[in-house]
Amino acid sequence: MRGTEEIFYEGGPAKADLVINLLLGLTLIGIPFALGAIVRAIWLRFFISNRRVSITGGWLGKDRTDIAYSQIKEVRSVSRGFGAWGDMVLVLLDGSTLEMRSVPNYRDVEAYLIRSLANAKAKSKTFDEKYTQGFS
């Protein structure tokens, strides 16, 4: 029987991103950024567990992407908002990327993703060694 799924983070983008972009929206140049932040705040949701990363977004929140840790090759991140939140990119084994914008507490999330990725690779290596013995 499979173990239960432990949720590390479930929620939307950083609230401070919305506030700052709304303030910038008071200027003519900041209006597109404010609209982008409003759309992210309404429809973007992250779900990060010990088994997968799931992102729901798109227009009206109708697009959903689920990625197992075995499909992730690399995690890249950049801080925003003086380090309060950040953007992350998950590079997948097939070379495609999955962007996560305005992730709150992104340093903790990044550390968790890297730890989970290492655990998934260790399990995969153990599985490969266990079931490929004698097939040289």
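The values are calculated or read from the model by the stated rules, or taken from the named source; none is laboratory data. The structure presented is a predicted model; accordingly, all values stated were derived computationally and were not measured. So basically every Cβ, Gly included, is an ideal-geometry build from the backbone, and we count neighbours across all protein chains shown. For accessibility, only protein heavy atoms count, side chains too; no ligands or nucleic acids. Shrake-Rupley method; radii C 1.70, N 1.55, O 1.52, S 1.80 Å.
Site pair Asp66 and Ile7 shows an inter-label distance of 1.5 nm when each label is modelled 7 Å from Cα along Cα→Cβ.
Which longest run of the chain has no exposed loop site in it, a site being GluC sites (Glu not before Pro) in a DSSP loop with at most 14 other beta carbons within 10 Å, and the site itself not part of the run?
On the way: sites that count: Glu5, Glu6.
Looking at the chain, 7-136 is the longest stretch - no exposed GluC sites (Glu not before Pro) with at most 14 other Cβ atoms within 10 Å.
Compared with the dominant Cα axis of the chain, that is its longest principal axis, helix 106-131 is turned about 20°. Solvent-accessible area of Ser96, all protein chains in place: 50 Å² (probe radius 1.4 Å, heavy atoms, ligands and nucleic acids excluded).
Between the beta carbons of Ala84 and Asn50, assuming R0 = 35 Å, the FRET efficiency works out to 0.90 to the nearest 0.05.
Can you give the net charge of the other residues whose Cβ lies under 13 Å from the Cβ of Asp66, counting K and R as +1 and D and E as -1? Mind dumping the intermediate values first?
Details: positive: Arg45, Arg51, Arg52, Arg64; negative: Glu5, Asp63.
So the surrounding residues net to +2.
If every alpha-carbon in segment 12-59 counts as one equal scatterer, what log10 I(q)/I(0) does Debye give at q = 0.18, 0.27 1/Å? So the normalised log intensities work out to -0.57, -0.91.
Of Leu18, Leu117, Leu60, Leu93, the residue with the largest accessible area leads and the full order is Leu93, Leu60, Leu18, Leu117 (1.4 Å probe).
For segment 15-136, which semi-axes, largest first and in whole Å, follow from the square roots of 5 times the eigenvalues of its Cα gyration tensor? Before the final figure, lay out the partial values.
Values: eigenvalues 255, 41, 23 Å².
One finds semi-axes of 36, 14, 11 Å for segment 15-136.
For segment 30-129, trypsin sites (Lys or Arg not before Pro) meeting the loop criterion (DSSP other than H, G, I, E, B) and having at most 11 other Cβ atoms within 10 Å: Lys62.
In debye, nearest 20: dipole of segment 7-134 around its Cα centre with unit charges on the Cβ of K, R (+) and D, E (-)? Kindly include the intermediate steps, with their values, before the conclusion.
Details: 17 positive and 12 negative charges, 43 e Å.
So the dipole magnitude of segment 7-134 works out to roughly 200 debye.
Label-to-label distance, Ala16 versus Lys123, with points set 7 angstrom from Cα along the beta-carbon direction: 3.3 nm.
Residues whose amide H falls under 5 Å from that of Arg51, counting only those 5 or more places apart or on a different chain, are Glu6, with hydrogens built in the peptide plane.
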